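> Structure provided below as structure tokens; questions to follow.
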Amino acid sequence: MASTRNDARLWALLADLFRQAGTQYPDDAQRYARTAVAIVRRERATGNARTWAPGEAIPYDVAKVYDLDGCVWDRQSTDPESTMRDAWRMRGFDPGEHEPSCGGVHLTPYLLDAWGPLTEVRRG
């Protein structure tokens, strides 16, 4: 699902640059690019929305985020005591439109590594 908040092209360009610069492992280039996109999002932020890169913790008061492609993910529980506090599900998942791996429930660290950075969708 493309949107005005889609940073997939920027991520791909940065990942290529990190690979060309000689990152030790191919996955490192993608992770560094995700972190760089998080920095760009933070710099261009005009409101109070927060952005997280791979390796960062998302506070439990955050219930909804959008990923690199602009797709929205809902946290399964914002209760810090819940076993679902680090579980996320893609809103409106459609196997004909999205990668099959986006279906189901994903934990925060995996979500950040696979589809990050994640930016908060503020209520109201």
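The values are calculated or read from the model by the stated rules, or taken from the named source; none is laboratory data. What you are looking at is a predicted structure, and each value in this text was computed from that prediction instead of being measured. So basically every Cβ, Gly included, is an ideal-geometry build from the backbone, and we count neighbours across all protein chains shown. Ligands, DNA and RNA are excluded from the accessible area calculation, which covers all protein heavy atoms including side chains. Shrake-Rupley method; radii C 1.70, N 1.55, O 1.52, S 1.80 Å.
> Filter the stretch 109-124 for residues that are within 24 Å of residue 35 (Cα to Cα) and not in a helix (DSSP H, G or I) and give the result.
Within the stretch 109-124, the subset within 24 Å of residue 35 (Cα to Cα) is 109-122.
Matches in the stretch 109-124: 116, 117, 118, 119, 120, 121, 122.
> Have a look at 36, 12 and point out the one that is open to solvent by less than 50 Å² (accessible area, probe 1.4 Å), closer than 23 Å to residue 103 by Cα and assigned to a helix (DSSP H, G or I). I'd like the intermediate steps shown before the answer.
On the way: 36 fails: closer than 23 Å to residue 103 by Cα.
Answer to the selection: 12.
> Considering the stretch 23-33 alone, what residues qualify as being at pLDDT below 90, open to solvent by less than 100 Å² (accessible area, probe 1.4 Å) and of a type outside the set (Ser, Thr, Tyr)? It would help to see each step written out before you state the result.
Here is the first cut: in the stretch 23-33, the residues at pLDDT below 90 are 23-27.
Filter once more, so that each one left must be open to solvent by less than 100 Å² (accessible area, probe 1.4 Å): 23, 26.
Within the stretch 23-33, 26 is the sole residue that qualifies.
> Further question on the same structure: Only residues in the stretch 41-66 that are on the phi > 0 side of the Ramachandran plot and in contact (Cβ under 8 Å) with a residue 12 or more places away in the chain count as the first member; pair them with residues that are open to solvent by 40 Å² or more (accessible area, probe 1.4 Å) and of a type in the set (Val, Ile, Thr), Cβ under 9 angstrom, at least 6 apart or cross-chain, and list the lot.
Close Cβ pairs (under 9 Å, with a partner that is open to solvent by 40 Å² or more (accessible area, probe 1.4 Å) and of a type in the set (Val, Ile, Thr)) amount to 55/35.
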